[in-house]
Amino acid sequence: MRFSPAGDPGTPDARSATRYLVWLAGRHPVIFGAGLALGVIWMLAQALVPAVLGRAVEAGLAQRDPDSLVRWSLALLGLGLVQAVAGILRHRCAVHNWLGAAYRTVQVTVDATNRLGAALPRRVAAGEVVSIGTADIEHIGGAIDITARGAGSVVGIVTVAVILLNASQPLGLVVVLGVPLLMALVALLIRPLHRQQAAYRDSTGRLTARAADIVSGLRVLRGVGGEPVLSERYRQRSQALRADGLRVARVESLLQAAQILLPGVFVVLVTWLGARFALRGEISAGELVSFYGYTAFLVSPLRNLTEAADKLTRGHVAARRVVRLLRLAPEFTDPATPVPVPAGPGELADVRSGLVLRPGRLTALATATPQDATEIADRLGRYADGDVTLHGVPLRDVALATVRERILVADNDAQLFSGVLRTELDPHDRAEPGAVEAALAAASATDIVEALPGGLDGEVAERGREFSGGQRQRLRLARALVADPETLILVEPTSAVDAHTEARIAERLGPARHGRTTLVCTTSPLVLGHADHVVFVEDGKVVAEGRHEELLAAEPRYAATVSREEDR
């Protein structure tokens, strides 16, 4: 079961960050419950140590009873062993819960990005997703981790309060009333901390997105001399982030100081009262030792509670970011009852433009404006809504997985990922023997592989930054050919290569896609001349179609569009 937006049957909804944290805790109920139980046992064993120590002093030393001293000493040893074992196991469970929550968040984030698909860049900044996978998972894991110590601290404080009330009502009341007062004082710092952390997180996401944009466009920036401008803007954003960080640090410093000061004041107060009562004879020497032990013990659970408040606040802020991503719905979802599509190649038709792709043919689409080609390609691939049919079946009624399997849209926004080049070209390892080499030859990319250390087994850097723009374009084309979909839609596949390379690609593309349906969106005469059929679109509508030579002679608008390409 995955965490997803409300309305997805069988899954929790994404209406609040608190529910998300609860859902994470429930993913491993046995480990999470064991952590809580061990946290309680661990803290309870510490809480009982002062009581046992006081009995050892009272019965063994004050009354000079060796047997009682041995018995209470053995009890003290037993509590120490329980505390040690429970502490080790609690820490083991806490680490498991931390890692489980952090990496479960990574999983649901990746699941959400996959669900959004092509809509992701339009809906979420890259820096937001990166920040979730770096900073937010740590805070979410910390919020789940602290629950075991927090629960044990609450039980420990309650236990000490009950013991003190039975021994001395004034001291017990000091604990009963003092602990809530301390937590109320801490709460005064939590609210501004929550607000400042949210602002800091927003600034971090924006700066990360800006850094990603600068790195990806560094070559262009250098070419147009835009480095100083972008550098200054980044510096301004960085200084704004620094200011937000300082505001967070001020509140955190006060919280850290409160974690030391307030429990220390509390210990001094209880010890002073206990000493006064011992001098007046209201409590014994053994009880005074116990009271001092209780107050010294209370420092730990009180600090744990203030730490829990801090980590839960951070976790809540981070969870809100995750939930915001999970709330985003994809632009297109599967129909309630998907309609099956007949097997084999079939006509793919775009009603709005009037374009019809005949099966098994290489069709070229020339448009007066590049935007028309992009919009038609998006509709044909079901990346934009439109009246498109395959085998006469509307794509709206077909399962998205079926559309993605049978129709592949390859444009110049596609990225190369880091890793082995062979895996990059055939990520599913499904290609027939020799298919990768054949695709590289068709894309005129063999020279790229030969120049790469290791060839097909060589490593590709992030986004293929070691390649030029034309080399990346040819590798993307080769990857699309290796996929060998039933229908392949290529958007300007040769816009970044030289004329000689473009001529080789145009000559080899048809044979490489023999028997398959292919649409190439281009105004390049070299590619148009090798197409089986050419369609010319103006103002989003098909106005002419035929062979390249026929359109040049019969359609002046087509000839003008192609001539502009030749003149460039």
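Summary of computed values
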| read-out | value |
| --- | --- |
| Subset tally (residues that are closer than 13 Å to MET43 by Cα and either open to solvent by less than 60 Å² (accessible area, probe 1.4 Å) or under 37 Å from the mean Cα position of the chain (by Cα) (or both)) for the range 75-88 | 8 |
| Leading residue by the ranking (nearest to PRO493 (Cα to Cα)) among those in the range 403-419 that are touching a Leu at 6+ places or on another chain (Cβ under 8 Å) and of a type in the set (A, V, I, L, M) | ALA410 |
| Residue match in the range 554-568 (condition: under 30 Å from ARG465 (Cβ atoms) and over 41 Å from the mean Cα position of the chain (by Cα)) | yes |
| Search result, residues across the range 32-68 that are at pLDDT below 75, part of a helix (DSSP H, G or I) and over 57 Å from the mean Cα position of the chain (by Cα) | GLU58, ALA59, GLY60, LEU61, ALA62 |
| Neighbours by Cβ (under 8 Å, 6+ apart or cross-chain): first from the range 407-420, in contact (Cβ under 8 Å) with a residue 60 or more places away in the chain; second part of a loop (DSSP other than H, G, I, E, B) and acidic (Asp, Glu) | ILE407/GLU486; ASP411/GLU492; ASN412/GLU492 |
| Where ALA439 falls short, out of the listed (1) open to solvent by 60 Å² or more (accessible area, probe 1.4 Å); (2) assigned to a helix (DSSP H, G or I) | (1) |
| Residue in the range 447-486 that is farthest from VAL520 (Cα to Cα), counting only those that are touching an Asp or Glu at 6+ places or on another chain (Cβ under 8 Å) and of a type in the set (Val, Ile, Thr) | VAL460 |
| Pair list, Cβ under 6 Å, 6 or more apart: the range 86-114 residue within 16 Å of GLU138 (Cα to Cα) and in a helix (DSSP H, G or I), other residue among the polar types (S, T, N, Q) and open to solvent by 70 Å² or more (accessible area, probe 1.4 Å) | none |
| Some residue of the range 407-420 being of a type outside the set (S, T, N, Q), assigned to a helix (DSSP H, G or I) and farther than 30 Å from TYR200 by Cα | no |
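Condition check ((1) hydrophobic (A, V, I, L, M, F, W, C); (2) modelled with pLDDT under 90) across all residues:
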position: ASP372; (1), (2): no, no
position: ASP385; (1), (2): no, yes
position: LEU390; (1), (2): yes, no
position: VAL393; (1), (2): yes, no
position: GLU405; (1), (2): no, no
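The values are calculated or read from the model by the stated rules, or taken from the named source; none is laboratory data. These figures come from a predicted structure and were not determined experimentally. Cβ sites come from the backbone with ideal geometry, for glycine too, and all protein chains shown count toward neighbours. Accessible surface areas use protein heavy atoms only, side chains included; no ligands, DNA or RNA. Shrake-Rupley method; radii C 1.70, N 1.55, O 1.52, S 1.80 Å.
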